[in-house]
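The values are calculated or read from the model by the stated rules, or taken from the named source; none is laboratory data. Everything quoted here is computed from the prediction, not taken from an experiment. For neighbour counting, all protein chains shown are included, and Cβ atoms are generated from backbone atoms with ideal geometry for every residue, glycine included.
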Amino acid sequence: MSNPSRLAPAAPRVLAIAVAGVLLATLGSIVPALDRALEASEAPATTTLAVALPPPPPSEAPAPKEDWRTVRVQPGQTLGSLFADLGLPASTMHRMLEVPEATQLASRLKVGSELAFDIGPDGELRGLRFDAGETRRIHLAMEGDDVRREVIERAVETRVVVAGGQIRSSLFADGARAGLSAGVMNDMVKALQYDIDFGQDLREGDSFQIVYEELWREGERLRDAGVVAVNFVNQGKAYTALRFDRDGQSEFFDLEGRPLRKSFMRTPIEFARLSSGFGARRHPVLNRMRMHKGVDYAAPVGTPIFAAGEGRVKFAGWQNGYGRTVILDHGNGITTLYAHMSRLGSYRVGQRVRQGTTIGYVGMSGLATGPHLHYEFRVGGMHKDPLKVTLPKPEPLRGPALAEFRRATAPALAQLRRVGGVQLADR
């Protein structure tokens, strides 16, 4: 049996421990509850209200996708035929023509021009776009029955190019080999045509250097913008031409500031072969010795013939032996004659013509065995050799005009000098 006297002292301690545990558990649950109650009492009271919000704005319809069709004008096409080919009604075109630029486009439509049409899925025209010159693009948009016009300015920049080459076969073939267009080569010929006969004087080994300009727009090359300076070494002699604007006109001058444009061109026809010189010869048709009072240039039928100098038409018609003929009176007793034409130009007797104007076309009318130009130069009624007659040189620039010429042409001249081995004409 257990001893009761030994268990009695332990019972009060066990009971005290149990009571303490219960108190701690009770306090543990009471303290958090009190904290939550205090927090709730400190937090402000909130009220939830139902507010009616405005409806969201309707989503905008996406802009119709543009569908531009670019058309290049072909020979014989008109604005009306372009509209018809695209299935667009003439009434739409007439609405477009109410815009002045569109009217000008229709009247001056050029082969190769590009027009862009924005045509919707329903086949109706939404817009028309075209260039009105190199710096302006016109955009016409259809807005119901109205046409909205927008002008887009397009910046054009000028770039300077330097090129050169050597004569090996022919002027234009060697120019193309140097990367030069026919237009640039023609400008060079016109600048130096008073000093060099490009049909007769060229020799293998001749060389040329050209400074010219190009027009560019939005990274695209538009066209050549003309020769600024040129140096040509012909048979060991250098000829230099510099472009300078005087009185609103572009002219070419030599290094001294003397105009290269003479009173008369050496040859009134481009790239023709001298087939017969001045002097006594056996006539190819009459087969007897006869004085040849001019020079002959063989060229294909239809080659343009130019007025050698400024003057007035003295005669335009048919002359026995000469066939279709034009005679120009240049004043001071000087006249020039152009014979054997296939057809005459548009000038008539009494009209004034400028140097370089086309007055007729090569043919073989009259006493001629083949197509050529017969050209005579007369002073006081006496025939002179057109290739040897001496005429006074024009006066050079002086004073402020010469100073401005030197300032304006210095950059182009410096570019010519930078090309290796360039031999410039003496001042």
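Looking at 87, 144, 123 in this structure, which one is more than 25 Å from residue 217 (Cα to Cα), at pLDDT 90 or above and not assigned by TED's automatic domain parsing to the domain that holds residue 220?
Exactly one of 87, 144, 123 is more than 25 Å from residue 217 (Cα to Cα), at pLDDT 90 or above and not assigned by TED's automatic domain parsing to the domain that holds residue 220, namely 87.
When residue 382 is evaluated against the numbered criteria (1) within 30 Å of residue 333 (Cβ to Cβ); (2) modelled with pLDDT under 85; (3) exposed (fewer than 15 other Cβ atoms within 10 Å of the Cβ), which criterion, by number, is the only one it fails?
Tallying (1) within 30 Å of residue 333 (Cβ to Cβ); (2) modelled with pLDDT under 85; (3) exposed (fewer than 15 other Cβ atoms within 10 Å of the Cβ), residue 382 fails exactly one: (2).
Out of contact with any Asp or Glu (no Cβ under 7 Å at 6 or more places or on another chain) and surrounded by fewer than 20 Cβ atoms within 10 Å (Cβ to Cβ): does that describe residue 243?
Against the criterion (out of contact with any Asp or Glu (no Cβ under 7 Å at 6 or more places or on another chain) and surrounded by fewer than 20 Cβ atoms within 10 Å (Cβ to Cβ)), residue 243 does not qualify.
Residue-by-condition table, conditions (1) part of a strand (DSSP E or B); (2) loosely packed, with under 14 Cβ neighbours inside 10 Å; (3) among the aliphatic types (A, V, I, L, M); (4) not assigned by TED's automatic domain parsing to the domain that holds residue 418:
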site: 74; (1), (2), (3), (4): no, yes, no, yes
site: 81; (1), (2), (3), (4): no, yes, no, yes
site: 116; (1), (2), (3), (4): yes, no, yes, yes
site: 163; (1), (2), (3), (4): yes, no, yes, no
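Among the residues of region 397-409, is any among the acidic types (Asp, Glu), surrounded by 15 or more Cβ atoms within 10 Å (Cβ to Cβ) and not assigned by TED's automatic domain parsing to the domain that holds residue 187?
Checked region 397-409: no residue is among the acidic types (Asp, Glu), surrounded by 15 or more Cβ atoms within 10 Å (Cβ to Cβ) and not assigned by TED's automatic domain parsing to the domain that holds residue 187.
Examine region 284-293 for a residue that is in a loop (DSSP other than H, G, I, E, B), within 18 Å of residue 382 (Cα to Cα) and at pLDDT 85 or above, and state whether such a residue exists.
Checked against the condition, which is being in a loop (DSSP other than H, G, I, E, B), within 18 Å of residue 382 (Cα to Cα) and at pLDDT 85 or above, region 284-293 yields no hits at all.
Hey, among 379, 301, 349, which residue is closer than 27 Å to residue 186 by Cβ and either free of Cβ contacts under 8 Å to residues at least 24 places away in the same chain or of a type outside the set (S, T, N, Q) (or both)?
301
Scan region 386-402 and give yes if some residue there is in contact (Cβ under 8 Å) with a residue 60 or more places away in the chain, in a helix (DSSP H, G or I) and not small (Gly, Ala, Ser), otherwise no.
For region 386-402, residues in contact (Cβ under 8 Å) with a residue 60 or more places away in the chain, in a helix (DSSP H, G or I) and not small (Gly, Ala, Ser): present.
Pull up region 206-240, narrow it to residues that are touching a residue at least 40 places away in the same chain (Cβ under 8 Å) and polar (S, T, N, Q), then point me to the one that is surrounded by the fewest Cβ atoms within 10 Å (Cβ to Cβ).
207
Here is a check on your reading of the model: is residue 344 within 40 Å of the chain's Cα centre (by Cα), within 24 Å of residue 278 (Cβ to Cβ), crowded, with 18+ Cβ neighbours inside 10 Å and free of Cβ contacts under 8 Å to residues at least 60 places away in the same chain?
Criteria not met by residue 344.
Matching residues to (1) more than 29 Å from residue 393 (Cα to Cα); (2) surrounded by 13 or more Cβ atoms within 10 Å (Cβ to Cβ):
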| residue | (1), (2) |
| --- | --- |
| 296 | no, yes |
| 302 | yes, no |
| 308 | no, yes |
| 320 | yes, no |
| 338 | no, yes |
| 358 | no, yes |
| 368 | yes, yes |
| 377 | no, yes |
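Could you check region 198-253 and list, in sequence order, the residues that are assigned to a loop (DSSP other than H, G, I, E, B) and closer than 25 Å to residue 267 by Cα?
198, 199, 200, 201, 202, 203, 204, 205, 206, 235, 236
Does residue 130 meet the test of being crowded, with 17+ Cβ neighbours inside 10 Å, modelled with pLDDT of 90 or more and under 24 Å from residue 214 (Cβ atoms)?
Yes; evaluated as a whole, the condition is true for this residue.
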